[in-house]
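FYI, it's all coordinate maths here, none of it is from the lab. Since this is a predicted model, take the numbers as computed values, not measurements. FYI the Cβ positions are ideal-geometry reconstructions off the backbone, even for glycines, and counts take in every protein chain you see.
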Amino acid sequence: MIANYGYMDGSGEFYISIDTDKCIDCEHHGCIEACPKQMFVIEPDDYDDEVALIKAEFRKRLKYVCSECKPVTDRPPLPCAEACTPGAITHSW
Ligand code: SF4
Ligand code: SF4
């Protein structure tokens with residue numbers, strides 16, 4: 001399942017999507033340590049599989065919380081996406 005966390009406003013769409021099917025087989029949960037804002041948490045989903053989520057307190061302000069990882073020019077690889085070797089994490093902006 002693709003789980004989407006975020007919002008849209010007048011300045012754009014700000015969503016982080018997590019392919020939870022990939023989390024089920026993830027052996028390292030690298031997203032937890034990689035995010036400098038500690039936005040990820042591992043919790044059981046409706047089927048009792050351990051998957052990554054974005055903590056609720058961050059979901060309505062992703063544009064601001066992620067801004068340090070996203071300079072306007074010369075954007076480096078995002079720590080969360082780079083650490084997630086299964087490739088479960090995508091950002092809409
Ligand atoms: S590193 Fe990627 S695949 Fe592993 S738990 Fe985190 S989001 Fe899921
Ligand atoms: S872009 Fe940075 S702050 Fe945002 S989720 Fe990824 S690692 Fe965390």
*Inter-label distance, nm, simple model (7 Å from Cα along the C-beta direction), GLU13/TYR64*: 2.3 nm
*Whole-Hz Karplus ³J(HN,Hα) for the stretch 6-12, in order, using 6.51 cos²θ - 1.76 cosθ + 1.60 and θ = phi - 60°, x for Gly and Pro?*
x, 6, 10, 9, x, 9, x
*asked:* Could you work out the relative contact order of the stretch 2-91? I mean the mean sequence separation of Cα pairs under 8 Å and 6+ apart, divided by the number of residues, in percent.
replied: 34 percent
*Kindly provide log₁₀ I(q)/I(0) values, in the same order as q = 0.18, 0.19, 0.20, 0.21 Å⁻¹, from the Debye equation applied to equal alpha-carbon scatterers of the chain.*
-0.79, -0.87, -0.97, -1.06
*How do ASP45, ASP25 rank when sorted from fewest to most other Cβ atoms within 10 Å of their own Cβ?*
ASP25, ASP45
_Cα-projected label distance for ASN4 with ASP45, points at 7 Å along beta-carbon direction, nm_ = 1.6 nm
